[in-house]
Ligand SMILES: Cc1cc2nc3c(=O)[nH]c(=O)nc-3n(C[C@H](O)[C@H](O)[C@H](O)COP(=O)(O)OP(=O)(O)OC[C@H]3O[C@@H](n4cnc5c(N)ncnc54)[C@H](O)[C@@H]3O)c2cc1C
Ligand SMILES: Nc1ncnc2c1ncn2[C@@H]1O[C@H](COP(=O)(O)O)[C@@H](O)[C@H]1O
């Protein structure tokens with residue numbers, strides 16, 4: 001019995017959400033008195049693979065196949081299910097990011113394993129195997145008990161702090177034959193739509209809405225993001241009228257994020273917007289209207305004109321950054 | 001072309017969420033139920049557009065009790081041709097997916113469409129499970145879908161971007177924003193909805209793999225601390241020292 005974590009990578013590196021999933025997997029393994037194994041792409045460099053030891057993997061098993069370079073939910077779930085069997089793993093963990101949402105349910109159904117889709121805490125094993133997850137678009141939580149011996153957990157990105165140790169993982173190749181019919185999707189094109197910091201991974205997010213008046217005024221928003229090392233986001237209307245790219249749109253119909261800090265500038269705080277951001281740890285709202293609903297969901301607020309406040313705040317952030325090193 | 005659209009019901013987005021029975025059950029009192037928005041605006045409407053372009057039928061399916069009939073009639077009013085309700089309480093995703101897969105397996109659908117997620121349980125899991133149980137390809141979080149012959153071209157969300165890919169039919173696809181625009185039922189649709197065939201089937205034997213043991217509401221925000229626009233340094237200090245986020 002061991003815990004297997006699907007360790008996804010892009011451009012030769014593990015994603016932050018992957019590191020979180022491995023770190024979480026290590027703690028689930030400790031709870032169950034077993035080891036945490038990570039499953040990774042065999043095309044990665046040896047030291048990148050071994051680096052998963054730092055977040056708690058005792059072993060990294062790899063699979064290599066030319067066709068795995070492109071994401072295919074069916075083929076990936078085949079590989080992961082096989083790997084789970086070969087490593088005798090009863091708990092399989094994914095980051096519940098875009099690809100996790102595609103693959104984890106398939107793996108769970110194939111193994112007839114109960115899935116908690118969007119876990120935000122470690123399992124409580126005092127009475128069953130109970131895991132907390134967010135429901136009702138951030139307005140509630142539910143505790144799910146997994147009743148099956150095999151279990152699949154999809155961990156919500158940014159919900160679990162990384163714990164690092166000084167260790168390297170051993171690396172082992174797994175021999176898995178992938179039948180040709182498992183590959184079902186032909187990728188024609190991939191398009192990058194966000195900046196350097198992935199919005200769903202970002203710990204700090206600077207977001208703005210219709211209060212900014214026009215796309216030409218986003219310079220100060222981008223500047224704030226740059227000073228802080230934050231990702232940028234926006235409200236839906238702003239994406240709909242093409243002031244900002246769609247990849248930045250957060251809310252009920254856009255991305256759901258839960259950064260440590262969400263700064264909302266010139267956004268009213270409609271319930272559909274809040275649905276995507278209300279799980280952020282700290283929310284700062286800057287708005288001219290003291291009645292803006294967003295202030296009810298905020299931790300810190302400035303009632304003021306973005307065109308005056310933001311440049312001043314940028315100056316203050318810059319000073320803080322200069323002194324903090 | 002035969003399309004199956006999975007329809008779930010969800011509390012209207014503006015619903016105030018609360019729980020009863022010692023926080024073990026959702027409080028249905030005063031809740032307005034709607035078709036889960038992703039299922040209605042994107043999966044169902046895109047299915048209808050594909051049917052209008054290519055011919056065929058659009059069947060809707062729900063796993064749920066009699067309380068599902070109103071939303072199924074609304075889906076008929078929007079334009080679905082016929083429907084199936086599997087008469088069971090949909091508490092576990094695997095159970096739901098198993099019901100849908102068991103029914104769909106023998107019907108020869110070219111496409112099975114579902115929504116990105118239900119807006120109450122936010123799980124995004126039923127579609128993938130249906131695909132696994134039917135052994136079909138699965139594309140999740142699709143933003144565009146076109147069909148030519150026995151092949152679908154799909155644009156879908158990937159981390160930090162999008163991907164355009166093709167897949168041989170039959171396939172299961174989960175749908176989100178971008179697919180289509182919402183449609184409002186017209187009088188003709190509403191009249192026609194009354195007589196469209198809705199089959200009610202008993203549930204197939206299936207395991208239930210998970211259960212919700214308890215709900216919880218988030219801790220109330222303690223209130224917003226206001227900082228003067230003339231003292232933005234104070235905000236920076238609070239973010240560093242109090243919130244510890246920078
Ligand atoms: C079904 C449905 C789904 C939706 N999904 C989403 C979603 O996913 N995401 C989303 O964001 N929205 C969504 N919406 C839209 C949502 O209801 C709001 O309309 C939208 O969030 C408003 O965007 P906004 O705050 O940028 O604009 P507005 O509501 O126009 O607010 C602008 C704000 O800026 C403030 N302001 C103006 N000038 C200044 C200034 N100089 N300085 C500072 N503040 C200023 C104003 O006081 C106001 O509060 C959805 C709506 C529906 C019906
Ligand atoms: N009870 C149900 N009956 C029919 N379809 C459902 C049901 N529950 C979920 N679905 C479908 O599966 C999608 C994803 O739901 P979920 O995995 O619960 O987030 C929904 O958008 C629906 O299309």
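Every condition in (1) at pLDDT 95 or above; (2) surrounded by fewer than 23 Cβ atoms within 10 Å (Cβ to Cβ); (3) part of a helix (DSSP H, G or I) is met by residue A:68 except one, and the failing one is (1). What is the residue count in segment A:104-122 for residues that are within 19 Å of residue A:256 (Cα to Cα) and either surrounded by fewer than 24 Cβ atoms within 10 Å (Cβ to Cβ) or within 15 Å of the chain's Cα centre (by Cα) (or both)? The total comes to 6. When the strands (runs of 3 or more DSSP E) confined to segment A:86-156 are screened for residues that are facing chain B (nearest Cβ under 10 Å) and farther than 16 Å from residue A:25 by Cβ, those reaching at least 2 such residues are found at A:114-119, A:130-135, A:140-146. Against the criterion of being more than 9 Å from chain B (Cβ to nearest Cβ) and not in a loop (DSSP other than H, G, I, E, B), residue A:247 does not qualify. The residues listed here are A:236, A:258, A:244, A:210; of these, the one that is farther than 24 Å from residue B:233 by Cα, buried (at least 16 other Cβ atoms within 10 Å of the Cβ) and over 26 Å from the mean Cα position of the chain (by Cα) is A:210. Of the candidates A:225, A:239, the single residue that is closer than 27 Å to residue B:242 by Cβ and either away from ligand 1 (no atom under 14 Å from the Cβ) or touching a helix residue (DSSP H, G or I) at 6+ places or on another chain (Cβ under 7 Å) (or both) is A:225.
Residue A:298 meets the stated requirement of being facing another protein chain (nearest Cβ under 9 Å), touching a residue at least 24 places away in the same chain (Cβ under 8 Å) and more than 16 Å from ligand 2 (Cβ to nearest atom). Residue check: residue A:189 meets all listed conditions (1) assigned to a loop (DSSP other than H, G, I, E, B); (2) under 24 Å from residue B:176 (Cα atoms); (3) at the interface with another protein chain (Cβ under 7 Å from one of its Cβ atoms) but one, namely (1). Checking each residue in segment B:115-128 for being within 16 Å of ligand 1 (Cβ to nearest atom) and more than 7 Å from chain A (Cβ to nearest Cβ) picks out B:115, B:116, B:117, B:118.
Yes/no matrix, rows are residues, columns are (1) within 23 Å of residue A:142 (Cα to Cα); (2) touching a residue at least 24 places away in the same chain (Cβ under 8 Å); (3) within 12 Å of chain A (Cβ to nearest Cβ); (4) surrounded by fewer than 24 Cβ atoms within 10 Å (Cβ to Cβ):
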{"position": "B:94", "(1), (2), (3), (4)": "yes, yes, yes, no"}
{"position": "B:97", "(1), (2), (3), (4)": "yes, yes, yes, no"}
{"position": "B:105", "(1), (2), (3), (4)": "no, yes, no, yes"}
{"position": "B:113", "(1), (2), (3), (4)": "no, yes, no, no"}
{"position": "B:130", "(1), (2), (3), (4)": "no, yes, yes, no"}
{"position": "B:140", "(1), (2), (3), (4)": "no, yes, yes, no"}
{"position": "B:143", "(1), (2), (3), (4)": "no, yes, yes, yes"}
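Report, by residue number, each residue of segment B:169-204 that is part of a loop (DSSP other than H, G, I, E, B), farther than 16 Å from residue B:74 by Cα and within 16 Å of ligand 1 (Cβ to nearest atom). Selection gives B:176, B:177, B:178, B:179, B:180, B:181.
The values are calculated or read from the model by the stated rules, or taken from the named source; none is laboratory data. Fair warning: this is a prediction, and the values are worked out from it, not measured in the lab. As a convention, Cβ positions derive from the backbone with ideal geometry for all residues, glycine included, and neighbour counts pool all protein chains shown.
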